[in-house]
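The next block holds one structure in the form of structure tokens; read it before the comments.
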Amino acid sequence: MQACMPISLRLDGAMSREQFDSQFATEEACADYLIKLRWPEGYSCLRCGSGNTGCLRSRRLPLFVCRDCHYQASPIVGTVMERSSTSLRVWFLICFLSSQSAFRMNAAAISRAASVTYKTAWLILMKLRQAIAASDARHPLTGAVTVNSAFASERDCYSNQRNRRDAPVLIGATFHESGRLHRLKIKLVPLPHMEEKRVLPEGTAAFTERHVTAGSFVRSVTARFTARRNKLLLPHFERALQWVHTTYGGIGKKHLQVYLDEVCFRLCAVHRGKSCFSSFVRLCATTTPFPYAAIVA
Ligand SMILES: [Zn+2]
């Protein structure tokens, strides 16, 4: 039994495939990175909190053993990767490939690039999306918030669906003083909150209550979305829809919200000038698992 050695968490903003392959060449390197990410001060027992622990290194993943209560845990316990038989390196590689925005990788492209089945790529990407959505729910907009209604049109988002109709959304955003995008949310509006093509006041109120911090200044325009009424949000909304359309093609309403959450997360990272890779790994490492049924439902 040996202590797990700490490693550096620093990742360069834009990492090349060669750099990725070099830094995360082995399962052990990925596990060490994950352990440092989850327990920067060193592992303490997940059951009793004791720091009196050891680490078995004889398996694919290290196994922490508590010397006080004898509880055993692998570094993926309690994360979206829990119970996954896919190697950590593949999880990391898919996070990396998915963060390469230039390639706009969907599950089919990632399954080829990572040499895994389509099902494995799809499932990991969906778990990543669920982790992004959970993070989005934990981080409401705050400060001066602009809210506008719009329609994610069938042409852009789910062109292959039967019963075609536009999906009403509310867009909320905050901006830096320079005008640069800070945070962006695009949320589907439930039909009871709609009256024909208009979002009812209770729809805007529900959005604000759920996605904006109390005490924020909210400027809301929920009349028909036009470039004239809100030129601040339009380019970001169009870019988000274009991304979803060109990367994923037709998406059914069932999964549309998690895709919208993902693209908002990506767009904000782009505006911060950051790669999503370290964020994706962090989200996988710090988000509690979802039931499989919730992902495929
Ligand atoms: Zn313990």
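The values are calculated or read from the model by the stated rules, or taken from the named source; none is laboratory data. Please read these numbers as outputs of a predicted model, since none were measured by experiment. In this analysis, Cβ positions are derived from the backbone assuming ideal geometry, glycine residues included, and neighbour counts consider all displayed protein chains. These area figures cover heavy atoms from the full protein model, side chains too; ligands, DNA and RNA do not enter into them. Shrake-Rupley method; radii C 1.70, N 1.55, O 1.52, S 1.80 Å.
Structural remarks
- Members of region 39-71 found to be in contact with a Leu (Cβ under 7 Å, 6 or more places away or on another chain), within 11 Å of the ligand (Cβ to nearest atom) and open to solvent by 40 Å² or more (accessible area, probe 1.4 Å), listed by number: TYR71
- Residues of region 218-248 that are at pLDDT 75 or above and either in a loop (DSSP other than H, G, I, E, B) or of a type in the set (Phe, Trp, Tyr) (or both): LEU232, LEU233, PHE237, TRP243, TYR248.
- Among the residues of region 56-70, those that are over 31 Å from the mean Cα position of the chain (by Cα), part of a loop (DSSP other than H, G, I, E, B) and in contact (Cβ under 8 Å) with a residue 12 or more places away in the chain comprise ARG67, ASP68, CYS69.
- Selection of region 244-297 for residues being closer than 16 Å to ILE124 by Cβ and of a type in the set (A, V, I, L, M) yields VAL258, VAL281, LEU283, ALA285, ALA294, ILE295, VAL296.
- With respect to the conditions (1) in a loop (DSSP other than H, G, I, E, B); (2) aliphatic (A, V, I, L, M); (3) closer than 20 Å to MET15 by Cβ, ILE251 lacks only one, and its number is (3).
- Contact annotation: residue pairs with Cβ atoms under 8 Å, 6 or more positions apart or on different chains, pairing a residue in region 30-55 that is in contact (Cβ under 8 Å) with a residue 12 or more places away in the chain with a partner that is basic (Lys, Arg) and open to solvent by 20 Å² or more (accessible area, probe 1.4 Å), are CYS30/ARG89; LEU37/ARG282; SER50/ARG67; ASN52/ARG67; THR53/ARG67; GLY54/ARG67.
- Of all the criteria given as (1) part of a helix (DSSP H, G or I); (2) open to solvent by less than 20 Å² (accessible area, probe 1.4 Å); (3) more than 23 Å from ASP21 (Cα to Cα); (4) among the β-branched types (Val, Ile, Thr), the one not satisfied by VAL281 is (3).
- One residue stands out in region 268-285 among those that are touching a helix residue (DSSP H, G or I) at 6+ places or on another chain (Cβ under 9 Å) and of a type in the set (Gly, Ala, Ser): the one that is farthest from MET81 (Cα to Cα), namely ALA269.
- Region 135-172 - residue that is touching a Leu at 6+ places or on another chain (Cβ under 8 Å), in a helix (DSSP H, G or I) and open to solvent by 10 Å² or more (accessible area, probe 1.4 Å) and, of those, modelled with the highest pLDDT: SER135
- Listed by first and then second residue, the pairs with beta-carbon distance under 6 Å, at least 6 apart or on different chains, first residue in region 2-29 and surrounded by 13 or more Cβ atoms within 10 Å (Cβ to Cβ) and assigned to a loop (DSSP other than H, G, I, E, B), second at pLDDT 50 or above and among the β-branched types (Val, Ile, Thr), are CYS4/ILE35.
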